[in-house]
1. Could you state the orientation-averaged shadow area of the convex hull built on the Cα atoms of the stretch 182-301, in nm² to one decimal?
2. Calculate the length of the line joining the C-alpha centroid of the stretch 192-255 to that of the stretch 10-80, in whole Å.
3. Only Lys, Arg, Asp and Glu count, each charged at its Cβ (+1, +1, -1, -1), so figure out the dipole size of the stretch 118-260 about its Cα centre, rounded to 20 debye.
4. What's the magnitude of the charge dipole for the stretch 198-335 around its Cα centre, counting Lys and Arg as +1 and Asp and Glu as -1 at the beta-carbon? Answer in Debye, nearest 20.
5. May I have the pair-distance distribution P(r) for the stretch 266-363, computed from all Cα-Cα distances with 10 Å bins from 0 and rounded to whole percent?
6. About its Cα centre, how strong a charge dipole does the chain have in debye, to the nearest 20, once Lys and Arg get +1 and Asp and Glu get -1 at the Cβ?
7. Given the options S303, M22, M160, identify the residue whose Cα lies farthest towards the positive end of the charge dipole of the chain (+1 on Cβ of Lys, Arg; -1 on Cβ of Asp, Glu).
8. Normalised by the number of residues in the stretch 192-277, what is the relative contact order in percent for Cα pairs under 8 Å and 6+ residues apart?
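Rule-based calculations on the coordinates, nothing more; no lab input. Worth saying up front: this structure is predicted, and the values here are computed from it rather than measured. Reconstructed Cβ throughout: ideal geometry from the backbone, glycine too, with neighbour counts over all protein chains shown.
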Amino acid sequence: MQTNDTFHIAVMPGDGIGIEVMSPCLAVLEVAAHRIGGFRLAFDQREAGALCYRDTGVALPKASLEAARGADAILLGAMGWPEIRYVDGTEISPQIDLRIEFGLYAGVRPVKTLPSMKPVLSDDRAGALDFVVIRESTEGLFASRGKGSIVDDREARDTMVITRHVCERLFDFSFQLARDRKANGGKGIVTCVDKANVFSSFAFFRKIFDERAALNPDIRATHAYIDATALFMVRRPWEFDVLVTENMFGDILSDLGAGLIGGMGFAPSADIGDRHAVFQPCHGTAPDIAGQDKANPTAMILSAAMMLEWLGVRHDRPQAVTAGQLIRAAVDNAFSAGIRPYEIGGRHGTTDIARRVIEALQTVEPVAT
């Protein structure tokens, strides 16, 4: 845990392009911390992922788990590999194990357009998207992970789990996030996304949402069904502020959100609990481009910015918050100057993007977000 002015970060690069984007991300963190001053970062790199499972038979070694438990924050690259699977056919995903182990119920998936990016949608308002999908990350349909049943090779069953204990914390987190965003010009709206018209589990989810909304009258609370939300995210996503939803629905909507801002390489994320937090890009390991210096490190770098901001708030270290804001400003500066990753048809690879962000870190000023 934090000692004096040092934050201890457990680092797990993972597999494929996860390894490639982690190295420049750590370099960016070092430069930002040095420029702002007032704190230091100590990185403890550990093994986890599909290649680790292939070589050792364990996807998340005990030593890596304990290092994560004792760290101030956990920074992950992408994990998994299509051809390396558990005996039941499912993919290797230690990131989900960490969510369960540490109770990381709030999956924060920002959807924010970077400067000079061509809007995916034709409407000009799509060029300045700024909303957040909050994905519950420990239960819902994912509670059946590893517990589903197949009956006589004729029927398969997985069970949805929604608990009051998790929902109350999830919704309180969402209302506070909307409040923080409102203080910086946000809309101050939390939308509960569910399927309460069909399933009793989602009716329960909505009931608890309404109870917590009554305790947060300064924030507008609305409802939307999941199918309508998918439609609205394509037709008028600029109207959203904070969307909160179940695990599987959040998994799907966050990918749709990434598509609206250019792709998975632009989509950072955090999984936050009461004591621990994991920060990682939303994208996968991309075997098709691994080892070619074509991966877009932007999501990894922005995830690191989220980590610094979380650490700064949690430990009352405003310098860390400022360093996170500095990284965001540097990314904006680099894209304003014309960076175009391979992901969107450009010719800028991992090394070039990281270099330009680091160059921008030397001159830009942090902008509060």
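1. Details: hull surface 38.7 nm².
Averaged projected hull area, Cα only: 9.7 nm².
2. Cα centroid of the stretch 192-255 versus Cα centroid of the stretch 10-80: 32 Å apart.
3. 280
4. Rounded to the nearest 20 debye, it is 160 debye.
5. In whole percents, the pair-distance histogram is 16, 44, 30, 10, 0.
6. Working: 39 positive and 47 negative charges, 146 e Å.
Around 700 debye, computed over the chain.
7. S303
8. On the way: 54 pairs, mean separation 23.8, N = 86.
The normalised contact order for the stretch 192-277 reaches 28 percent.
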